[in-house]
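Encoded as structure tokens, the structure appears first; notes follow it.
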Amino acid sequence: MPAQIIETNETPFKKVDIDPVTLDIIENALRNARIEMDATLVRTAMSPGIREQGDAFPLIADPSGKMIVGQFGSFIDGFLKGYDNTLEDGDMIFLSDPYSCEGAISHSNDWLVLLPVFKDGRLIAYTAMFGHQSDIGGMVPGSMPIGASSIFEEGVRIPPVKIWKKGQYNDDLMKLVMHQTRKPDWCQADLNALIASCRVAANRVVEMAERFGDDVYYSATQELLDRNYRAMKALIGMAVAEKPASFEDYICDDGKGYGPYKIKCTMWREGEKVILDFDGTDPQSAASINFYLNENMFKMFFGIYMIMVFDPQILFNDGFYDLIEVRIPEGSLLKPQFPAALSGRTHALGRIFDILGGLLGQGTPEFLNAAGFSSSPHLFYSGWDQRDGKAKNGDREWFQLFQIGFGGIPGRPLGDGPDGHSLWPGFTNVPNEFLERYFPLRIERYSTEPDSGGAGLHRGGNGIHMTYRFLADGNIAIHDDRWFVPPWGVNGGHPGVRARKVIERGDGSTEIVGNKVEDVEVRAGDLLHFITWGGGGWGDPLERDPELVGLEIRQGLVTAEGAKAYGVVASENGVVDAAATEALRSEMKAGRGELPLFDYGPGIEELRAKCEEETGLPAPIQPEWHDSSLAEAAE
């Protein structure tokens, strides 16, 4: 049965008229409350992933659970449907199990705090925040085991429980949970930060209701939802055709030697409603790359993408959900059956945005983005630090790093893709000074990788080349993608360059390592070259300003050799030879055919045939599914 809300005051809120000025004040006050949640979090958390990178997602919702402001969309509806208990004033919910909330959080590393906000005996709002914990136990440090075949191997799973019940803190529960993690100090601080963020937002909501009146505050939230509905209805009617359009992309591999895995989505409009159907997506993997995609979360992804491309001034919220229907086949990579492993879902999560770009841009190529959101590169480094000054009472000190890296953002209709930028706009890199201060390593290079962004009128963003020198023996794990299937270009733009990872050993030997590996032993003095993929290019590269290409040669973003992809002849210091450039461009135009809408690069079989020659790694083996009911979903 669904959750039972206990209210001592059952008087319903009244819908009243809101003047534009009041609505604007409340809207911006809610935006500021959401920003204050983030500020509280980063000033309270301890782990680099949350404190330095901002890997956490806030929301403020109305009494029904619809998100008014936030980032990842509301998961509250799914939670309320499955939570067989009461919610009352003084309660706070804590959970981390994706299977207990319909995938609203998509792997167990994400710890979620949910606070029902009561005022004068009535539920007036929800505030919530979830953040990625750097370790929750399990098979490997960091708790994202590539080799996991079930969620039981990925660390502690927390069903929805009351961390606070009628104002009383459940200290025994927290002791039990923290006992499972390798970094209880980080986890406790991060959890406290999530709690504090939710309480700050709850205070702001109550303050708004006290200032304007409960009915005015409630009516303002409903008007914000209605306004979003009207805006999205217009955008859908403009950008989504009734004729079905399909797009597919691939996760390169699963870390166990199998791949690629196809994600396919078909989109069409029926009246005012858009249908997004993932029929044709491959069955779930036996490894951990499955992504339990919550339908409401994907609706939010769709809405964010539509708004950012077509009208960035719109405040995105949950108001438009009734305009979208999402269909995901059971047992597929995006709706795996329990107890499938989920910890490596980051690759499919990023790839969803590339697929949305490919879908939405087919009918309006002028709004089409290239590929490059793609994944969220992770590095894990752990071990015992025995350097001078790091031993405590003769004991070794445990260190454990979880860091998110960035690839190249795709070329866009309005300009180049940013170099080495986060998929999520709120994420930032971990400062090198922080890494060197708190971990036994030194950053010897941190730069964009020249020529990795796909050539185009608007260049794809370059990937990052980050070189770590390890100062203590330990183990590393790497989670990345786009090493086999490149990020595609659009409107004549070229694909981006694929990711690669190389270790230089202290003995002088060099080792190419995979992009999904774990338990790789490193020694003090070893170097890791962590090189991410570039974004695809947008538009005809022969139309790019040659002087801009020359400037980018001087800036180290493009090489003189790489400039030839733009038909530009230039010296090593970026001086453009105008006559030679004109001649080269004329020759290149004469020798090519019609520019493709999508440039995927070589096909899968050609990539497979040339994989070892081009990447130094064996080609992934095509997966086979022995359950006929699941295999049929992929056909």
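The values are calculated or read from the model by the stated rules, or taken from the named source; none is laboratory data. Just so we're clear, the structure is a prediction, and the values are computed from it rather than from any experiment. All Cβ positions, glycine included, derive from the backbone under ideal geometry; neighbour counts span all protein chains shown. For the accessible areas, the whole protein counts, side chains as well, though only heavy atoms, and no ligand, DNA or RNA atoms are used. Shrake-Rupley method; radii C 1.70, N 1.55, O 1.52, S 1.80 Å.
Can you confirm whether residue 460 is part of a loop (DSSP other than H, G, I, E, B) and closer than 16 Å to residue 536 by Cβ? Let's see the steps before the verdict.
Values: part of a loop (DSSP other than H, G, I, E, B): yes; closer than 16 Å to residue 536 by Cβ: yes.
Against the criterion (part of a loop (DSSP other than H, G, I, E, B) and closer than 16 Å to residue 536 by Cβ), residue 460 qualifies.
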Out of 612, 587, 572, sole residue that is open to solvent by 80 Å² or more (accessible area, probe 1.4 Å), under 20 Å from residue 495 (Cα atoms) and of a type outside the set (Gly, Ala, Ser)
612
Scope region 179-197; condition open to solvent by 20 Å² or more (accessible area, probe 1.4 Å) and either among the basic types (Lys, Arg) or closer than 23 Å to residue 93 by Cβ (or both); matching residues
179, 180, 182, 183, 184, 186, 188, 192, 196
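Output the residues belonging to region 55-81 that are of a type outside the set (A, V, I, L, M, F, W, C) and at pLDDT 85 or above.
Residues of region 55-81 that are of a type outside the set (A, V, I, L, M, F, W, C), as a first pass: 55, 58, 62-66, 70-71, 73-74, 77-78, 81.
Within region 55-81, 55, 58, 62, 63, 64, 65, 66, 70 meet the criteria.
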Quick check on my filter: what residues within region 151-175 are open to solvent by 40 Å² or more (accessible area, probe 1.4 Å) and either in a strand (DSSP E or B) or of a type in the set (Phe, Trp, Tyr) (or both)?
152, 164, 165, 168, 169
Keeping to region 58-81, report how many residues are over 14 Å from residue 321 (Cα atoms), open to solvent by 10 Å² or more (accessible area, probe 1.4 Å) and within 19 Å of the chain's Cα centre (by Cα).
1
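Looking at this structure, is residue 525 within 22 Å of residue 561 (Cα to Cα) and touching a Gly at 6+ places or on another chain (Cβ under 9 Å)?
Working: within 22 Å of residue 561 (Cα to Cα): no; touching a Gly at 6+ places or on another chain (Cβ under 9 Å): yes.
When the stated conditions are applied, residue 525 does not pass them.
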Of everything in region 310-353, what is open to solvent by 10 Å² or more (accessible area, probe 1.4 Å) and basic (Lys, Arg)? Give them in sequence order.
327, 335, 345
Matching residues in region 198-227 (under 20 Å from residue 19 (Cβ atoms), open to solvent by 10 Å² or more (accessible area, probe 1.4 Å) and among the β-branched types (Val, Ile, Thr)) number 1
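Here is a yes/no grid of residues against (1) among the small types (Gly, Ala, Ser); (2) at positive phi; (3) more than 32 Å from the chain's Cα centre (by Cα); (4) modelled with pLDDT of 95 or more:
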site: 473; (1), (2), (3), (4): no, no, no, yes
site: 476; (1), (2), (3), (4): no, no, no, yes
site: 486; (1), (2), (3), (4): no, no, no, yes
site: 496; (1), (2), (3), (4): yes, no, no, yes
site: 512; (1), (2), (3), (4): no, no, no, yes
site: 517; (1), (2), (3), (4): no, no, no, yes
site: 533; (1), (2), (3), (4): no, no, no, yes
site: 553; (1), (2), (3), (4): no, no, no, yes
site: 572; (1), (2), (3), (4): no, no, yes, yes
Cβ pairs under 8 Å, 6+ apart, first in region 1-30 and of a type in the set (A, V, I, L, M, F, W, C), second open to solvent by 80 Å² or more (accessible area, probe 1.4 Å) and modelled with pLDDT of 95 or more
6/89
Of all residues in region 56-86, how many are in a helix (DSSP H, G or I) and either in contact with a Ser or Thr (Cβ under 7 Å, 6 or more places away or on another chain) or not aliphatic (A, V, I, L, M) (or both)?
5
Name the single residue that is nearest to residue 488 (Cα to Cα) among those in region 593-609 being open to solvent by 90 Å² or more (accessible area, probe 1.4 Å) and in a loop (DSSP other than H, G, I, E, B).
600
Could you run through region 208-237 and say how many residues are among the hydrophobic types (A, V, I, L, M, F, W, C) and under 18 Å from residue 299 (Cβ atoms)?
7
Cβ pairs under 6 Å, 6+ apart or interchain, first in region 51-70 and closer than 21 Å to residue 111 by Cβ, second of a type in the set (Asp, Glu) and open to solvent by less than 10 Å² (accessible area, probe 1.4 Å), ordered by first then second residue, are 67/318
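With respect to residue 109, is the statement that it is closer than 23 Å to residue 209 by Cα and among the polar types (S, T, N, Q) true?
Values: closer than 23 Å to residue 209 by Cα: no; among the polar types (S, T, N, Q): yes.
The answer is no for residue 109.
Look at region 1-32 and say how many of its residues are assigned to a helix (DSSP H, G or I) and either open to solvent by 50 Å² or more (accessible area, probe 1.4 Å) or within 24 Å of residue 78 (Cα to Cα) (or both).
Filtering region 1-32 for residues assigned to a helix (DSSP H, G or I) gives 20-32.
Then drop every residue that is not either open to solvent by 50 Å² or more (accessible area, probe 1.4 Å) or within 24 Å of residue 78 (Cα to Cα) (or both), which leaves 20-21, 24-25, 28, 30-32.
Number satisfying all stated conditions: 8.
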What number of residues within region 330-375 satisfy the criterion of being without any contact (Cβ under 8 Å) to a residue 60 or more places away in the chain and either closer than 18 Å to residue 104 by Cβ or in a loop (DSSP other than H, G, I, E, B) (or both)?
4
State whether the residues of region 330-346 include one that is β-branched (Val, Ile, Thr) and out of contact with any Asp or Glu (no Cβ under 7 Å at 6 or more places or on another chain).
yes
Would you pick out the residues in region 37-57 that are under 18 Å from the mean Cα position of the chain (by Cα) and basic (Lys, Arg)?
51
How do the pairs read when you match residues in region 93-111 that are acidic (Asp, Glu) with residues anywhere that are surrounded by 24 or more Cβ atoms within 10 Å (Cβ to Cβ) and assigned to a loop (DSSP other than H, G, I, E, B), using Cβ under 6 Å and keeping only pairs 6 or more apart or on different chains?
102/294
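Just to be sure I understand, how many residues within region 435-457 are assigned to a strand (DSSP E or B) and of a type in the set (Ser, Thr, Tyr)?
Residues of region 435-457 assigned to a strand (DSSP E or B): 441-448.
Still in the list and also of a type in the set (Ser, Thr, Tyr): 446-448.
Residues flagged as assigned to a strand (DSSP E or B) and of a type in the set (Ser, Thr, Tyr) within region 435-457 amount to 3.
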What about residue 186, is it in contact (Cβ under 8 Å) with a residue 24 or more places away in the chain, part of a helix (DSSP H, G or I) and of a type in the set (Phe, Trp, Tyr)?
yes
Going by the structure shown, is residue 236 part of a strand (DSSP E or B), open to solvent by less than 40 Å² (accessible area, probe 1.4 Å), of a type in the set (Val, Ile, Thr) and in contact with a Lys or Arg (Cβ under 7 Å, 6 or more places away or on another chain)?
no
Touching a residue at least 40 places away in the same chain (Cβ under 8 Å) and touching a strand residue (DSSP E or B) at 6+ places or on another chain (Cβ under 6 Å) - does that describe any residue in region 306-318?
yes
Name the residues in region 277-296 that are open to solvent by 10 Å² or more (accessible area, probe 1.4 Å) and not in a loop (DSSP other than H, G, I, E, B), would you?
277, 295, 296
Of the residues in region 243-274, those that are surrounded by 16 or more Cβ atoms within 10 Å (Cβ to Cβ), of a type outside the set (D, E, K, R) and not in a strand (DSSP E or B) come to 252, 255, 259, 260
